[in-house]
Amino acid sequence: MYALVRFIAVIFVSLAFLSACAKDPDSSMTAVDDAPESSEASDTSGSQDESNLIEMELANQSGEEVENLLAHTAVYFGFDEATVTERARQIVKAHAEALVANPTVMLNLAGHADERGTHEYNLALGEQRANAISALFQELGVEASRITTVSFGEELPAVEGSDEESWALNRRVEIAHDLVQ
Amino acid sequence: MRKTLFCLLTLLGLSLNSNVALSAITIEIEEGVERGVPIANVPIGDEDKEDLQFSVITIEIEEGVERGVPIAIVPFGGEVKEDLQFSLEEVIRNDLYRTGKFDPIPIDQYPSHPTSSDSVVFSDWQLIEADLVLIGRVEPDEAKPDHYRIITRLYDSFEQKQVFGVQFIISADKFRQIAHRIANSVFEKVTDQESSFDTKILYTTSNSNSNGGSAEHALYIADYDGYNPQTILRTERPILSPVWSPDGTKIAYAELFVGYSLIYIQEVATGERTSIAAPNGYNSAPSWSPDGERLAFSHSNEGNFEIYIYSIDEQRLTQVTDHHQIDTEPSWRPDGKRLVFTSNRGITPQIYEAPPRRKARAKRVDIDGRSNSGASYSPTGEQLVVITDQGIGKQVGIYDFSAETTRVISSTTLDDSAKFSPHGDMVIHVVEGSKRYIKILSPDGRVATRVPVVEGQVKQVDWASF
């Protein structure tokens, strides 16, 4: 089980690597959506693939990869959840490293929810998501005094639409600071 | 089991009512039958008119649910010089139909169109099984210029007698209101309860936009059926949680700014508004105490929503909940002794109940479903209407405290903002999605009708409690 989880995580990283300069949330989500399929396909192909992926994982330690992750200015959440996913953790880590290296830069985190559920609960959920990401930034060395969090609940969707794909893109925290545009 | 219980309850409920029309109440089990009754067009612009063709969506007849009382509502005789764009009988028919307690018979089945008592032939109406027959006519009033005399009578065709006869002298601009009152008289005679036909709703809309554009948000008051809409507020910021004060003279709502939100109390008559003296951060989900003197609301500063009570005159705050997870959406029980609210302290959002005092102990309300939110009480306090997730989406459910049962009453799966009508005869809610709209459900879920809105995408709705 652990191997599979780790494997999926590796897939996330490697797909992000392959998708290179993905700037819009759309392409980052495509990468996430693709991941479970890839892992299923790998079940039969055994350990050889896995060792290749470990090599890719090592390659991901390079500075080049950090640049790619910085291109992602939103992290996404599961339905009704404020739990930080492994994918979100990696993106936050890249931003945190950049922010630690630039100690005067301020960080704003805007939490959002999809349209499902009540407006009031979603306002609170947006805040809880922004706080979860804020806590991670602090854990990674960004001082609380540099971070502001806001919630927009379900009031400012990233995309209009009432399907799983749109909802997935709207359940997000947007990461904003001067090191990214 | 549920089916049997429901039938028994329905029978019991009806047998407590007046003796009118009891003779022909039958239990008929129908599966998948869909019927619709046309609703009047609203003079609100061409784009919306097309939409209104669907104003009555479907009747979703659950297995074992009984039908309403069959009633014939005969077109009213006489003419008016004003262009009304609706007819009295349409308004009355739609009112009665929405409660699920009446099944209006389609006009094309009527044996005749009587407008006065001497032309009602009971045996003809018995043939089409019309328990009740409502007739009426409109005549110019000789005494008052621009006024009309509306004479209406309700008959029980099997008892072969008049149930009531009333007359109104009124100007044409009051016709809708009079139609609601006539419908209320019929409703009262049959159910022994008051209807909510002559009450108001409050709703918010926004111009659909994605990031970047400047959206316009608006707050409207309208008749319960969507007519006579009035703009109460326009702003560039999202408006959340609109609620009426118990006496209907004020409304409260939250306005969302970047990084904080404020709760406003606004006078309906003057438009004058003041924000309540709450701390910095997010303030949302106001709910008036039944005496109108306090507002329960949800407040978060630096990270966690808790329930507070604000005494309006004293401007004093009391913190009700203290938990590291979300607590929001408080709503008062009609006796003022409890609040329900939504919390995710048990991982998924669920409904909790607590007395309205400092550091109150909260107890989970055992509603079925993977999540529940947005609860508010029925007028008697015996039930809750909630947004419930039973695995297929967000739906409107009714939880009964004594029976400890949860019943889903909507067929849509993106429901939000559900409230009982002030007399508990209907439930209103918003359907989210690409085309948002307001829906009224009969409390048994059998009848679902659409409420026309003025413009934009509707977001939230509240039903006046007066």
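Scan B:Asp368, B:Asp335 and give me the residue that is at pLDDT 95 or above, acidic (Asp, Glu), surrounded by fewer than 19 Cβ atoms within 10 Å (Cβ to Cβ) and part of a loop (DSSP other than H, G, I, E, B). Being at pLDDT 95 or above, acidic (Asp, Glu), surrounded by fewer than 19 Cβ atoms within 10 Å (Cβ to Cβ) and part of a loop (DSSP other than H, G, I, E, B) holds for just one of B:Asp368, B:Asp335, which is B:Asp335. Considering every residue within the stretch A:69-83, establish whether at least one is surrounded by fewer than 21 Cβ atoms within 10 Å (Cβ to Cβ) and charged (D, E, K, R). Checking the stretch A:69-83: at least one residue is surrounded by fewer than 21 Cβ atoms within 10 Å (Cβ to Cβ) and charged (D, E, K, R). The set of residues in the stretch B:421-442 that are within 17 Å of B:Asn184 (Cβ to Cβ) and not β-branched (Val, Ile, Thr) comprises B:Ser421, B:Pro422, B:His423, B:Gly424, B:Asp425, B:Met426, B:Ser442. When each of B:Lys439, B:Lys419 is tested for being within 14 Å of chain A (Cβ to nearest Cβ), buried (at least 21 other Cβ atoms within 10 Å of the Cβ) and not in a loop (DSSP other than H, G, I, E, B), the lone residue that passes is B:Lys419.
Selection of first residues in the stretch B:76-105 that are more than 18 Å from B:Gln193 (Cα to Cα) and of second residues that are in a helix (DSSP H, G or I) and among the basic types (Lys, Arg), restricted to Cβ pairs under 8 Å at least 6 apart or on distinct chains, gives the following pairs, ordered by first then second residue: B:Phe86/B:Arg176; B:Val91/B:Arg176; B:Pro104/B:Arg93. Of the set (1) free of Cβ contacts under 8 Å to residues at least 12 places away in the same chain; (2) under 24 Å from B:Thr191 (Cβ atoms), all apply to B:Met426 but (1). Whether any residue in the stretch B:209-219 is touching a residue at least 60 places away in the same chain (Cβ under 8 Å), outside any strand (DSSP E or B), at the interface with another protein chain (Cβ under 9 Å from one of its Cβ atoms) and in contact with an Asp or Glu (Cβ under 7 Å, 6 or more places away or on another chain) is what I want to check. Within the stretch B:209-219, none of the residues are touching a residue at least 60 places away in the same chain (Cβ under 8 Å), outside any strand (DSSP E or B), at the interface with another protein chain (Cβ under 9 Å from one of its Cβ atoms) and in contact with an Asp or Glu (Cβ under 7 Å, 6 or more places away or on another chain). Residues satisfying the criterion are absent from the stretch A:143-155 (criterion: of a type outside the set (Val, Ile, Thr), more than 17 Å from B:Ala285 (Cα to Cα) and within 9 Å of chain B (Cβ to nearest Cβ)).
Of the strands (runs of 3 or more DSSP E) lying entirely inside the stretch A:66-181, those containing at least 3 residues that are among the hydrophobic types (A, V, I, L, M, F, W, C) span A:107-112, A:147-153, A:172-177.
Quick grid of which residues meet (1) in the same structural domain as B:Asp124 (by TED's automatic domain parsing); (2) among the polar types (S, T, N, Q); (3) surrounded by 20 or more Cβ atoms within 10 Å (Cβ to Cβ):
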| site | (1), (2), (3) |
| --- | --- |
| B:Ile135 | yes, no, yes |
| B:Glu142 | yes, no, no |
| B:Asn228 | no, yes, no |
| B:Glu236 | no, no, no |
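Of the residues making up the stretch B:393-416, those that are surrounded by fewer than 24 Cβ atoms within 10 Å (Cβ to Cβ) and at the interface with another protein chain (Cβ under 10 Å from one of its Cβ atoms) are B:Gly393, B:Thr413, B:Leu414.
The values are calculated or read from the model by the stated rules, or taken from the named source; none is laboratory data. Because the structure is predicted, anything quoted here is derived from the model rather than measured. Here Cβ is always computed from backbone atoms with ideal geometry, including for glycine, and neighbour counts include all displayed protein chains.
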